[in-house]
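Derivation of every value follows stated rules applied to the coordinates shown; laboratory data play no part. Predicted, not measured: the structure shown is a model, and the values here were computed from it. All Cβ positions, even for glycine, are placed from backbone atoms using ideal geometry, and neighbour counts span all protein chains on display.
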Amino acid sequence: MSIDINAYLRRLDYDGPRTPTVETLRGLHRAHMLTAPFENLDISLGRPIVCAEDRFFDKIVLQRRGGFCYELNGLFAALLRALGFDVTLLSARVCDGGSPGPEFDHMALLVSLEERWLADVGFGDSFIEPLRLDEAGEQVQRGVAYRVAHDGETWTMNERQPSADWVVMYQFTLQPRQLADYAEMCHWQQTSPESSFTRKRLCSRATEAGRVTLSDLKLIITQNGARQEHALAGEDDFRAVLREHFGVVLAAS
């Protein structure tokens, strides 16, 4: 599909340059993280998530919603291509406390300019601007260190919180993928009782000073390193928080 670039950029509150440069990539990536939340709300409502760019656009841009990795990165890739960027979809395997998950467990993006960049607006609390793929050292953003490393064809995205050890967040290869390749895992993520996305409702986005997250009936706000948690009374509070902090209004089923 052809992307309505103007509508998408309005959704991101982005009015910066549009030429395919590093400056533009950084600005768009940051804007995406600040405006389009990582969320799985449709899953608890029984609304199927389909790997199709027009569905992503309707949800994220027209309905002013968010999504999970296939939606957020799938649509971001389409926007970048429409602006003239060279973008490759990557299959990533999330390393949740040990062994990597299955292929297509996560979608990340390779953006090729004069340097190669790892872009990812669909991994929740993670790097707010893209990472240099070929930078061997650590890349620090907002007090958190990231490192992209590889052993042969296998690459890893690693994270280190202050005063902690490096943790492998996910591994990937640079093999080009197509959106349809993710359809089976997208279905599994939203239907399997083993999927983390079927176990609780989540809506989370970066803020200029930290992060705001709604996890079931718990609101978590982090500002300048200080974390506060608030228990919500029920569904009315849940929907009020969605409106106030994320601009999300869930349409009636």
* Structure fact -> region 5-192: relative contact order from alpha carbon pairs under 8 Å, six or more residues apart, as a whole percent, is 20 percent
* If a/c stays under 1.5 just call it rounded; otherwise compare a/b with b/c (prolate if a/b is bigger, oblate if not). Do that for region 187-248, with a ≥ b ≥ c from the square roots of the Cα gyration tensor eigenvalues. => prolate
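Using only the alpha carbons of region 1-47, what is the convex hull's orientation-averaged projected area in square nanometres? Before the final figure, lay out the partial values.
On the way: hull surface 17.6 nm².
Mean projected area for region 1-47: 4.4 nm², to one decimal.
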* Evaluate the Debye formula for region 26-169 with equal point scatterers sitting on the alpha carbons, no solvent, and hand back log10 of I(q)/I(0) at q = 0.12 Å⁻¹, in q order, two decimals. => -0.50
* Please work out the C-alpha center-to-center distance from region 86-148 to region 1-51 and express it in whole Å. => 17 Å
* Given 0.36 nm per residue, what is the gain on full extension from Thr191 to Arg47 after removing their alpha carbon distance, in nm? -> 50.8 nm
* **Using θ = phi - 60° and Karplus 6.51 cos²θ - 1.76 cosθ + 1.60, couplings along region 176-188 (whole Hz; Gly, Pro as x)** => x, 10, 10, 4, 4, 5, 8, 4, 5, 6, 4, 5, 4
* Structure fact -> Of all DSSP beta bridges with both partners in region 5-192, the antiparallel percent, nearest 5, is 95 percent
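Rounded, prolate or oblate: which one fits the chain, using the alpha carbon gyration tensor with axes a ≥ b ≥ c (rounded when a/c is under 1.5, else prolate when a/b beats b/c, else oblate)?
Numbers: a/c = 1.32, a/b = 1.20, b/c = 1.10.
The shape class here is rounded.
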* Structure fact -> Over the chain, the sum of -39500 (n - 2.57) across DSSP H runs of at least four, divided by residue number and rounded to 500 deg cm²/dmol, gives at 222 nm -7500 deg cm²/dmol
* Run the quick spin-label model on Glu244 and Gln228: label points 7 Å from Cα toward the beta carbon, then report their separation in nm to one decimal. => 1.0 nm
* To do: State whether region 104-242 is rounded, prolate or oblate according to the following rule on the C-alpha gyration tensor (a ≥ b ≥ c being the square roots of its eigenvalues): a/c under 1.5 gives rounded; otherwise a/b larger than b/c gives prolate, and the remaining case gives oblate.
  => oblate
* Sticking with the crude label model, points 7 Å out along Cα→Cβ, report the distance from His150 to Trp166 in nm, one decimal please. => 1.6 nm
